[in-house]
Every structure is written in C-alpha cells, then in structure tokens.
Amino acid sequence: MTSLDVFRGVTIALMILVNNPGGTAYYSFLQHATWNGLTVADVVFPFFIFIVGAAIPFAFVSKLRQGTSRKELLGHIVRRTVILFALGLFVNGFPTFNLETFRIMGVLQRIALCYFFASIIFLFLKPRWRIILATVIPIAYWTLLTLIPVPGSGSGFLTENGNLAGYVDRLLLNGHLYTQTWDPEGLMSTIPAFATVLMGVLAGQHLQSNLTPQTKSKRLLFFGGLSLAIGSLWSFWFPINKNLWTSSYVAFAGGIAIILLAACFYLVDTKGYATVTRPFTVLGLNAIFVYVLSEIVNLALIYANIPLTQSTSTTLKSLIYERLFASWAGSLHGSFLYALAYLAFCWAIAAILYRKRIFLKV
C-alpha cells in the first residue's frame, strides 16, 4: 500500500511545518486553534494516529498468513509500544531531563497507547468489536465530559481549567503536564483517540477487501463524508476541540483522514502516480525517525546559546531565523520559510536513508 506511505509522508511534512516556525509570527492556518475550533495544524496528529490504525490490518494479516502466532505478535506489540513510549519520554526530557517537571504524556506516547489498544482489538476480538468500540467510545467520552461534575466547576464545563479531562490529568500527573493545568495529550483525552485509531483500522480493513479499487475509493469517500457530517452536527453540543480530543473532533478529523486516504489510494495505487508522490514516500517510510530527528534537532538549536556581546546572547535557532530569513522576508514570511528549510533538511536526511534502502522501524 504505497498510498499509506504517501499519506504518512504528507502528514509528517505537515507536522514538521506546524511544529517548527522560525519565530512567534506564523500563518494562522498553521497554528493550533487556541481552544475550540479547527485549523490545518489541528488535523495533523489525528491523521498520524489514523494511519497507524490503517496499517495494522496489512501488517498483521501478512504475518498471520506467514505462520506467526498471535502470542509472538503480542510480544512484538508490547515491545513496539514500550519503545515508542520511551522515545516519547526521551523527546520530552531532552536535553535537560529534569525529573521534577518531566512531562509524562506526549505525541509518541499517545501513538504508542493507540497502537497497543488497536492491535489487541484487531488480534483478539471479533471484527464487529472494531465497529462497536469505534462508535461507543466517542459516545461514552461525550457522556463523561458533559455529565460528571468536576470539583470546583460542576458538570458540562469544557473550559481549559473546568473540564473533566484536565481534572483527571491534574489528579494523576500533577507537575508533569504540558501546562500547569492540562495536557493536550493527557490520559483521559487519549481514550477518544482510541476511536480515531480504530477508524483507521476499519479503513485499512476495507482496503484489504476484494472489491474493485473504484468501489473501495467511492465507499471511503462516502463514509468520510458521513463522518464529516456527524462531526459537524455533533459540534453544536460538543465543540470540536483538539486539546480535549472531543468526540465531534474524532468524527470530523477522522472524516477528513478517510477522504484523503481515498484520494491517495485512487491516485497512487489505482492510477499509478507513485513517481510524482515519491518525495512524500521518502518521508513516510521513515516517519518515526524523521519525527524524532525533527524534534531533537529543533530542541538542540533552541538550547544552543550563541553570545552576541559580552552581556547578550541568543539561541542558534533565533540567529539562523533572523539572519537568514527574517532579515529579508520579514517575520511572518520568514518564519514560514525557516520551517520550509527545516523540512528540506529533514527530507534530505530521509532521502539519504531511502537511497541506501535503510528503513528504521520501531
């Protein structure tokens, strides 16, 4: 499924652009919504989780056909989950590793937990449970966040400090969150992300069917549009919110992911436009490595102090941004050009690995 690699590569490219602006000024569509709402930046993470799910049927079915036992696959699942979670902890701590404020959850940690959950469901429960859980989990999460009262706030409050997910995070991970009061990849908000990864599993399972490529694409487009409609309607009662990973957000972002997967499948695997999309395939085949590389190098640039005078200094990242980009393109456009250059750097590393046929898997 080259289309999955292409979709993964597009997602990683967007993730790098979103996470690595040169300065504080940046295009609004590449910035996350402050709280409720949706921008391009807000669909990148659910895309990645959706793709993790879509790849599971292809990976596991082929291994089962080769004679690998479910017990052996379980060992692989546990090992991969631990490695992904540990990588996330390393990225969170780098380079100071201050245990007093060490953030526990994060992007790779959520991916690890979603991968583990979806893999177990796929291997050990009957297929109908994938549909049941993908439906029930968002409804249950909606019920929990709107009906269970939060001490000091009451029930149904979805503000930064008044929601149930933030309260649970403060209760269990206090001092180890992204902010003082909540975490966008917190414990409770990971539960609805399980529905996102299961949507990916169902999409991947559909692509494995014996239907014609055209029928597969059309059905994916239909279900993607249906999911978009459900998310839009649901948002009137449960706003679209990435930080809380609300149920309307699950449906809406999942719908976009299904539609984009259908487009990639039709263009790449059906029509054969693999050559045109190869730059994204290069990123997609080493996605986790490229993501970790982008985060570590960015942090290294931020922590590298460059003295300007005897009393002043700046970070290496700021120096590169201001002198090579902002100095002639301005703060807004320069910030985007810096992100593009950073993406080009990460892609060049991935291209070297691709040329040498080195694919770093977890």
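Remarks
- Considering Ala25, Ala54, Ala59, Ala13, the condition of being in contact with a helix residue (DSSP H, G or I) (Cβ under 7 Å, 6 or more places away or on another chain) and either at pLDDT below 95 or not in a helix (DSSP H, G or I) (or both) is satisfied by Ala25 alone.
- Of all the numbered requirements in (1) out of contact with any Ser or Thr (no Cβ under 9 Å at 6 or more places or on another chain); (2) surrounded by fewer than 22 Cβ atoms within 10 Å (Cβ to Cβ); (3) of a type in the set (S, T, N, Q), Gln214 misses one, and that requirement is (1).
- Only one entry of Ala229, Ala203 meets the criterion of being among the small types (Gly, Ala, Ser) and in contact (Cβ under 8 Å) with a residue 40 or more places away in the chain, and that entry is Ala203.
- When the range 311-329 is filtered for residues that are surrounded by 14 or more Cβ atoms within 10 Å (Cβ to Cβ) and not β-branched (Val, Ile, Thr), the ones remaining, listed by number, are Leu316, Lys317, Ser318, Leu319, Tyr321, Glu322, Leu324, Phe325, Ala326, Ala329.
- Residue in the range 146-157 that is assigned by TED's automatic domain parsing to the domain that holds Ala195 and either under 17 Å from the mean Cα position of the chain (by Cα) or within 23 Å of Val43 (Cβ to Cβ) (or both) present: no
- Selection of first residues in the range 258-274 that are in the same structural domain as Leu228 (by TED's automatic domain parsing) and of second residues that are crowded, with 18+ Cβ neighbours inside 10 Å and acidic (Asp, Glu), restricted to Cβ pairs under 9 Å at least 6 apart or on distinct chains, gives the following pairs, ordered by first then second residue: Val268/Asp5.
Each row is one residue, and each column tells you yes or no for (1) of a type in the set (Val, Ile, Thr); (2) without any contact (Cβ under 8 Å) to a residue 40 or more places away in the chain; (3) assigned by TED's automatic domain parsing to the domain that holds Ile306; (4) assigned to a helix (DSSP H, G or I).
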| residue | (1), (2), (3), (4) |
| --- | --- |
| Leu324 | no, yes, yes, yes |
| Trp328 | no, yes, yes, yes |
| Leu332 | no, no, yes, yes |
| Ala339 | no, no, yes, yes |
| Leu343 | no, no, yes, yes |
| Cys346 | no, no, yes, yes |
| Ile349 | yes, no, yes, yes |
| Tyr354 | no, no, yes, yes |
| Phe359 | no, no, yes, no |
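- Residues of the range 145-165 that are in a helix (DSSP H, G or I) and surrounded by fewer than 14 Cβ atoms within 10 Å (Cβ to Cβ): Leu147 alone.
- Exactly one residue out of Asn163, Asn98 is touching a helix residue (DSSP H, G or I) at 6+ places or on another chain (Cβ under 8 Å) and polar (S, T, N, Q), and it is Asn163.
- Scanning the range 238-257 for residues that are among the β-branched types (Val, Ile, Thr), surrounded by fewer than 24 Cβ atoms within 10 Å (Cβ to Cβ) and either outside the structural domain of Pro192 (by TED's automatic domain parsing) or assigned to a loop (DSSP other than H, G, I, E, B) (or both) gives a single hit, Ile240.
- For the range 119-135, the set of residues classified as more than 22 Å from the chain's Cα centre (by Cα) and closer than 21 Å to Phe252 by Cα consists of Ile132 only.
- Test: residue in the range 275-291 that is of a type outside the set (A, V, I, L, M) and either on the phi > 0 side of the Ramachandran plot or more than 25 Å from the chain's Cα centre (by Cα) (or both): yes
- Some residue of the range 41-52 being under 26 Å from His206 (Cβ atoms), in contact with a His (Cβ under 6 Å, 6 or more places away or on another chain) and not polar (S, T, N, Q): yes
The values are calculated or read from the model by the stated rules, or taken from the named source; none is laboratory data. None of these values were measured; they are calculated from a predicted model. Neighbour counts are summed over all protein chains in view; Cβ atoms, including those assigned to glycine, are modelled from backbone coordinates with ideal geometry.
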